[in-house]
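See structure below.
The values are calculated or read from the model by the stated rules, or taken from the named source; none is laboratory data. Predicted, not measured: the structure shown is a model, and the values here were computed from it. Neighbour counts run over all protein chains shown; Cβ positions are idealised from the backbone, glycine included.
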Amino acid sequence: MNPTPNPPSPLLKKKPLAVLLGVSSRTIDNWVAQRIIPYLAPSPRLHLFDPEAVRIALAARFGVETRTRN
């Protein structure tokens, strides 16, 4: 029997990601501009983020774990 893989994380917009990480929306903008965090850009004004990929990128870049909110 094969174990079922974890479903992919839902993609978040900037504001919900900022709330999840406990930072400001402007910080998210800065990280995007500096290419610190991964994102998808379906249009020039819309960025979507995978929260797990962002956490991994931040941990690799800054060496600290991000806090999580329920």
Query raised in the report: Of all helices (runs of 4 or more DSSP H) completely enclosed by the chain, which ones contain at least 3 residues that are modelled with pLDDT under 95?
Result: 51-62
Query - Long-range neighbours under 6 Å by Cβ, at least six apart or interchain, first residue closer than 15 Å to residue 50 by Cα and surrounded by 13 or more Cβ atoms within 10 Å (Cβ to Cβ) within region 13-29, second of a type in the set (D, E, K, R) and at pLDDT 95 or above - result: 28/14
